[in-house]
1. Nearest 10 degrees, 0 to 90: what angle lies between the long axis of helix 74-83 and the longest principal axis of the chain (Cα atoms)?
2. Might you report the magnitude of the Cβ-based charge dipole of the chain about its Cα centre, with Lys and Arg at +1 and Asp and Glu at -1, to the nearest 20 debye?
3. Excluding Glu34 itself, calculate the net charge of residues whose Cβ lies under 15 Å from the Cβ of Glu34, where each Lys or Arg counts +1 and each Asp or Glu counts -1.
4. Sequence-distant or interchain residues sharing an amide H contact under 5 Å with Cys70, placed H: which?
5. At 0.36 nm per residue, minus the direct Cα-Cα distance, what do Asp99 and Leu52 gain on full extension? Give it in nm, one decimal, please.
6. Choose one of Ile101, Leu77, Asn65: the residue whose Cα lies farthest towards the positive end of the charge dipole of the chain (beta-carbon charges +1 Lys, Arg; -1 Asp, Glu; about the Cα centre).
7. Roughly how many percent of the accessible protein surface of the chain is carbon and sulfur, given a 1.4 Å probe and a whole-percent answer?
8. Which angle between 0 and 90 degrees, to the nearest 10, do you get for helix 52-63 versus the longest principal axis of the chain when only C-alpha atoms count?
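The values are calculated or read from the model by the stated rules, or taken from the named source; none is laboratory data. The shown structure was predicted, so the numbers you read here are calculated from the model rather than taken from an experiment. Cβ placement follows ideal geometry from the backbone for every residue including glycine, while neighbour counts extend to all protein chains displayed. The area values use the complete protein model at the heavy-atom level, side chains included, leaving out ligands, DNA and RNA. Shrake-Rupley method; radii C 1.70, N 1.55, O 1.52, S 1.80 Å.
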Amino acid sequence: MSAMDVQDFIQQNRAVADQVETYRGYWESEKHWEPRREFILRNMNDFDGEQLDQLLSLSMVWANNVFLGCRYSTELLEKVKEMAEGIVVEDAPVFKTRDEIVKQQTR
């Protein structure tokens with residue numbers, strides 16, 4: 001689902017789009033919300049109503065990893081990256097680990 005596909009989906013499915021908008025955190029900028037919304041929309045069909053909290057949690061894990069550099073278990077990151085495959089995030093920050101920074105400074 002490209003950004004254009006997301007917009008088309010939102011226009012054709014106003015009720016679902018309005019529901020998804022309620023999941024936006026007040027702290028989320030457009031830059032953070034738009035990719036997370038796409039993550040949710042892409043994966044909604046794989047989670048029934050009782051599993052919605054799990055989908056929202058996975059969307060936050062993915063967004064926190066991409067935008068804040070938060071680290072999680074390898075298994076969890078592989079799962080959310082697979083779920084987010086094809087989502088384009090423009091100007092995503094690049095994070096370095098402490099070990100990478102120390103290694104670079106000792107050169």
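1. Relative to the chain, helix 74-83 is tipped by roughly 40 degrees.
2. Details: 13 positive and 20 negative charges, 130 e Å.
The dipole magnitude comes to about 620 debye.
3. Details: positive: Arg24, Lys31, Arg36, Arg37, Arg42; negative: Asp5, Asp8, Glu21, Glu28, Glu30, Glu38, Glu90, Asp91.
Taking every Cβ under 15 Å from that of Glu34, the sum is -3.
4. Amide H neighbours of Cys70, under 5 Å, 5+ apart: Asn65.
5. Numbers: separation 47, 0.36 × 47 = 16.92 nm, distance 3.68 nm.
Contour length minus Cα-Cα distance gives 13.2 nm.
6. The listed residue farthest towards the positive side: Ile101.
7. Working: 3620 of 7540 Å².
C and S fraction of accessible area: 48 percent.
8. 40 degrees
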